[in-house]
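The values are calculated or read from the model by the stated rules, or taken from the named source; none is laboratory data. Nothing here was measured: the structure is a model prediction, and the numbers come from that model. As a convention, Cβ positions derive from the backbone with ideal geometry for all residues, glycine included, and neighbour counts pool all protein chains shown.
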Amino acid sequence: MGQRLQQLLKRASPEQASDLVSGFQRLTDTQTEAGMGQSYKVMAITHEVDGEPAGFDGAMSVTQQQRVKQQQAIVLTPGHAS
């Protein structure tokens, strides 16, 4: 769970905690169509040191995409010795 959510839960009533957790799940869920993580496509720009933002777990970074394209280009280049 997100760090901010964990801090909010420390001071929340049981009803507030339930609302906070369900809201967090709706925002970050990528497994069901009800989750915004599945319904909406977005891009996050962060520094590599910061890691992946909530909801982007396992997403391919631009750097990773560029590496894949470079590897594909090497494989597809005629006469290139691997």
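Count, please, the residues in region 7-42 that happen to be part of a helix (DSSP H, G or I), among the polar types (S, T, N, Q) and surrounded by 11 or more Cβ atoms within 10 Å (Cβ to Cβ). Please lay out each step first, then the result.
From region 7-42, those part of a helix (DSSP H, G or I) are 7-11, 14-28, 36-39; that's our starting set.
Adding the requirement that they be among the polar types (S, T, N, Q) leaves 7, 16, 18, 22, 25, 28, 38-39.
Cutting the leftovers down to surrounded by 11 or more Cβ atoms within 10 Å (Cβ to Cβ) gives us 16, 18, 25, 28, 38-39.
So the answer is 6.
What tally of residues in region 1-46 results from selecting those that are at pLDDT 85 or above and hydrophobic (A, V, I, L, M, F, W, C)?
8
Can you tell me which residues in region 7-55 are over 18 Å from the mean Cα position of the chain (by Cα) and not small (Gly, Ala, Ser)?
Answer for region 7-55, where residues must be over 18 Å from the mean Cα position of the chain (by Cα) and not small (Gly, Ala, Ser): 7, 8, 9, 10, 11, 14, 15, 16, 19, 20.
Look at residue 49 and say whether it is modelled with pLDDT of 70 or more, loosely packed, with under 10 Cβ neighbours inside 10 Å and not in a loop (DSSP other than H, G, I, E, B).
The answer is yes for residue 49.
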